[in-house]
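These notes concern the structure reproduced below.
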Amino acid sequence: MNKNNFRKFFTTAFLSLGCLAMTLITPSLMAQQTPANDPFTIVFLGDSLTEGYGLEEAESFPSLVGEKLKADNLDNVSIINAGISGSTSASGLGRLQWYIRSQPDLMILALGANDGLRGLSVEEMKSNLSKTIDYAIANDVKVILTGMQIPPNYGPEYTEAFANVFPELAKQYDIPLLPFLLKDVAAIPELNQADGIHPNAEGTRIVAETVYQFLLSYLP
Amino acid sequence: MLWLQLAIKEITNNFKFSLFFILNLGIGLIGFIALDSFKSSIDEHLENNSKSILTADVQISSRFPLTAQEYELSENLLDTTIESTSDQISFLSMIAGPENSRMSTLIGIDDNYPQYGDIILQESGSVARSNARAELINSDSVWVARDLMVILDLEIGDRLKIGDSEYTIADVIMEDPSSTISVMSNFPAIYMGLQQIENTGLIQLGSRITYSRFYKLPTSYEYDYRELEEQFRDMEQEVYRDTRRLSMTTHQEESEDLGEVLGYMNDYLGLIALIALFLAGVGAAYLFRAFFTSRFKDMAILMCLGGTPREAYKMTLVQIVILGSISALIASMIAFLALPLLPLLFDGFLPRGFSNSMELNSLVLALFMGTVGSIICCLPILSKIYDLNPIGLFHENVQPSSSAPHWKRHVASYSPILITFWFLAMWQANSVFVGTVFVAGFLAAIFILGGIAWAILYGCTRFTAGNSITRKIALRNLSRNRLGAVSCFLAIGLGSLLINLIPQIQKGLQDYIAQPSDYSVPDFFMFDIQPDQLDLLQDTIAERSYTLSFLSPMIRARLESVNGQVIDDPEETPDEQLMRRRMMNLTYQDVLKDSENIVAGEPWEGTWDFNSDELPGISLEENFAERMGLGIGDTMSFDVQSVPIEGRIINTRSVIWNSFQPNFFVSFQPGVLDPAPKTFVAAISGVQETDRIALQNSIVNTLPNISVINVQQIVARILDITDQISWAIRVMAYLSIFAGLVVLFSIARYEVKSRFWEINLLKILGANFSDVKQIVEIEFGILGFFAALSGVSLSLAMSYGISWFIFDGLWSFSPGITAFTIVAICALSILTALIATLSVLRQKPLELLRTT
């Protein structure tokens, strides 16, 4: 019965968040008044790697990227951490539909790792990611895709087919691809938690740096 | 040694009493030994079960090859001789069949695996009893889980490509105890030799491998696994500083889910054993009291002949010890012979895997309780010897002097009972606190019952008016003989309390551990169902005539603050922090599931109104609320995927977790979380055995992202154990009730015998049979009814208290049992009194006068 009301509520909630963000950035807006300082929202749509599994929220890589942006005076850029542990590519579209209400400008799509770890069909994953990218593009959200690899013990055919999905999609949609999210972190015991797959705080700092450096060239 | 001879002579001369005494104490002791043996047997069964699941006592594992130094450190920590070890390498890999492929768990084993439990193969049968393992390890062959054989359409003898090499399928795994270890990793197993797994070429830089060593330790090795894990963690931190490389798993941890139930059960059974023994003690004391009263004259003569109270004391003491020892020996003998016969007698009725053997500890304890216990129980009566005066011989009825015994002697004679009872209670309940509360409750019950009795008997004097002479006499009897009546009331009341207490707690506990029959146990659990997949999923399972059940939305959120306070306590350990600030799975629902009940607060009405000034309602699972220190009215703020959502706790609910329905700690009122990104969890129940794999395959093929977990195996294992526990509890409850009834009989019999003189007098005065019968009926009817009512009411209060202290608030009222107990005890009191009166009534007054 109150469906419209809920929508209203969430829209209001987001608007309030937006207003808060606006209040914070208003002085710089007033000072510079340049298009480059328009609010710019990045949504990190991902899994446990994005959520910061086993870490404080502030230690997750999207939060660290946010800090780096602030440190570089890119105050107009706001970050939404949309990482959910255990989520597979199948959840991408539904979740993006939720975040689209906050009118993101850029989506960093970091899904797929759980599909690989659970041995799900590579074709299915590709199709799920495609639908998510299609929806983003249709809603004027730019997309950066992050590549993923799975450990060699999953077998050569599967690991290869899995890793190929990301460059193929990047090519198909002509979107930027960060080749491997866990570059310089994966398989290094000192940079990972005891489970061997989730980066620890130090590892996450490296991931944040990798993402940040890649991201810089796509910011307004 | 005169008193020793006299004691033996007394026993043989009073054969009837001796037999009764032995039987009475024997029943209590049989109960005690049986309860103790059951307890140990179940303990052992569960321990073996958890060992066979882990296949070892302790497992050390790492994501990296274990080093000699790591072995050494771990083994030093175990600090015991190691009976044997087994090494294992395992990892996941995608395995392709002719048509499709499936993620599987590859497990490389050595010739010691499994050290506990067994793997059952289709062709070779038991791995432990065949040479299949040696053949596997020394060839390029593999064993493949049955599910995987079906999914990949494989046959024994087929070649299977794994990594760089090909392997022959030598056999099919039918039963694998370790398959229940990880519920969530639902990947079928492939076993191969340790050397062969290294040859697959899949172990490379970056591979996710688990290296494990399993330890089998001596059976005598005892440890606290939490402590051991902590030491292990400290050791690891010392060696690797902040990097966690190793993990240790103990078999006890494997059965942690059952640990709570086991803990409850042990405490409960311990206390039942104690109650059974206490009942036997009360019965024995009453019998002894009746006997002792009748022997005052003999003792007075003994003293006239120069005996001292000390010698009379010794004689009686020896008598009790002899009788107590005979009881203990007979009880042990019966238990020794009967217990191993139980599985034969109750074949099919006894739970699976149950082996009942006599515990030496129980025997020793029974002997101790039979001898020392009976002395302790009879001490207050024995102490009366000191009040016995030979001059009493010149009285018609020899009685100890009526002057109140010295309070010091009272304390000295009653305190051993109290202290022994207290120590036993602490020992059986495994806790000083629980044991003390139990004894304190008991004492409180005695005082309360005494007070009620006094008040009721006082009231009797007010109702003596009226025409009925029998009623008048009965009420006046009660009122005048108030001390005797109070002790009778106390005995019956206490008996009723104990008799009702056991089934009362039993019901609560059984409700908790046993699978409720009105819930259908799901066959499959499904996770990660996307909202837009629901229709397709429903269609897919409908094709095979099944339906989805317990469909629940699941929303991931992070708890941000409680009552406006951000959760950030620097004092908390990392684990506590993780627990408090962990990501939570929320749900929303308009009505409760049948496995849920509101225990505090109110249910919400309808959907939350966005325009309302109120916060949306939150319902918390009661134990979760307690752990978090939250109650009704508190507010909780969540970060629901970047949107702050606040709610107020409006109720807490109990959840029957073993209904195996999907349940959540935190549930929101509908209308708040509905639009949030979510997945669904659901179950499918009532799936035919033959349909299982096909149904699972069709779901996985249609919607590959959905995790389908076959919970039947896990459920079956848990049900197996809970069935066993429920059975033991039921049997023990009946045993204790039986002991209680014997006591009740002894008490009523004693009380009527003490009315011997009054009844005789009435007969001399011309009362006929029916008058006396009526008087006895009224007297014992009133005593029995009020005592049973008070005892049962108290038992309800006590069982509630006990449930609250020990069993985490599990309490349920069973009106049927309660009403039955009151009626039965009342009827039994009257019946026993009548039977005892009958023998007095049948004798002629003159004969009675002669006998006294």
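Laid out as a table, the results:
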read-out: Where A meets B: accessible area buried, both sides, 1.4 Å probe, Å²; value: 4100 Å²
read-out: Separation of the B:Asp111 and B:Ser549 label points, Cα + 7 Å toward Cβ, nm; value: 4.9 nm
read-out: For region A:178-220, residues shielded by at least 50 square angstrom of accessible area compared with the chain on its own, probe 1.4 Å; value: A:Pro189, A:Ala194
read-out: Threshold 20 Å², region B:57-86 residues less accessible with all protein chains present than alone (1.4 Å probe); value: B:Arg63, B:Phe64
read-out: Percent carbon-and-sulfur accessible area, region B:45-92, ignoring ligands, DNA and RNA, probe 1.4 Å; value: 45 percent
read-out: Region A:211-218 - phi-based ³J(HN,Hα) in whole Hz, Karplus 6.51/-1.76/1.60, Gly and Pro as x; value: 5, 4, 4, 5, 5, 3, 6, 9
read-out: Modelled FRET efficiency - R0 30 Å, B:Asn14 with B:Ala444, Cβ distances, 0.05 increments; value: 0.25
read-out: Pairwise label distance in nanometres, B:Asp158 with B:Thr635, each label 7 Å out on the Cα-Cβ vector; value: 6.1 nm
read-out: Estimated inter-spin distance, B:Ser415 and B:Ser839, nm [label 7 Å along Cα→Cβ]; value: 3.8 nm
read-out: Heavy-atom surface of region A:76-160, accessible at 1.4 Å and reported per residue (Å²); value: 31 Å²
read-out: Threshold 50 Å², region B:603-649 residues less accessible with all protein chains present than alone (1.4 Å probe); value: B:Phe610, B:Gln641, B:Ser642, B:Val643
read-out: Extension reserve of the B:Thr702-B:Ser61 stretch, reckoned as 0.36 nm per residue once the Cα distance is removed; value: 227.1 nm
read-out: Heavy-atom surface of region B:279-332, accessible at 1.4 Å and reported per residue (Å²); value: 36 Å²
read-out: Accessible surface, region B:57-190, averaged per residue in Å² (probe 1.4 Å); value: 44 Å²
read-out: Segment A:Lys142-A:Gln172, extension gain: residue separation times 0.36 nm, minus the distance between their alpha carbons; value: 9.3 nm
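The values are calculated or read from the model by the stated rules, or taken from the named source; none is laboratory data. It should be emphasised that the depicted structure is a prediction, and the values quoted were computed from it without experimental measurement. All Cβ positions, glycine included, derive from the backbone under ideal geometry; neighbour counts span all protein chains shown. Accessible surface areas use protein heavy atoms only, side chains included; no ligands, DNA or RNA. Shrake-Rupley method; radii C 1.70, N 1.55, O 1.52, S 1.80 Å.
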